[in-house]
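Report on the following structure.
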Amino acid sequence: MASYYFPSKFHPLLLLALSALLLSCLVLTVPRSKKVAMSKAAAGEEDARLVTEIHGVKIEKNPPQSKLDELGVADWPKWGCGPSKFPWTFTSTETMYLLEGKVTVYIDGHDGSFEIGGGDLVIFPKGMKIVWDVVEAVNKHYSLEKN
């Protein structure tokens, strides 16, 4: 049977060093985002929902049909496109509900990217400049804030 010599006085220090190394790797690989819990009253639902905010873009995954009905999403104009990549500047705040597709979004002035796709309710703020990389054909409803 093999036995390993591991001095007990170094063991806690080694564990601490390895833990710090792993933690720093995790911190460096997680995209900068924050989770914002909506209050139950604001959500209009029994359970509070989670909205992710990345560099000012708010993303709600699979909102309940009651919220989509309340917003009137079905009456919003539709837009779609096939796989493509292009720059875009939001001249007003835009709320969109993606019916299908997948998009990788690159925000001007920020490293990295994030994905949005079918079932996402997304709000892009006025003035934001992005590169819109449509990975899978997109079909969405959208609403522009009145200026």
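Values quoted throughout were computed directly from the atomic coordinates according to the rules given, and no laboratory measurement underlies them. Note that this is a predicted model, so its numbers are computed, not measured. Note that each Cβ is placed from the backbone with ideal geometry, even for glycine, and that neighbours are counted across all protein chains shown.
Just a few scattered comments:
- Value of relative contact order over segment 87-147, rounded to a whole percent, pairs C-alpha under 8 Å and six or more apart: 51
- By the beta-carbon count within 10 Å of each Cβ, the least crowded to most crowded order of Leu98, Leu50, fewest first, is Leu50, Leu98.
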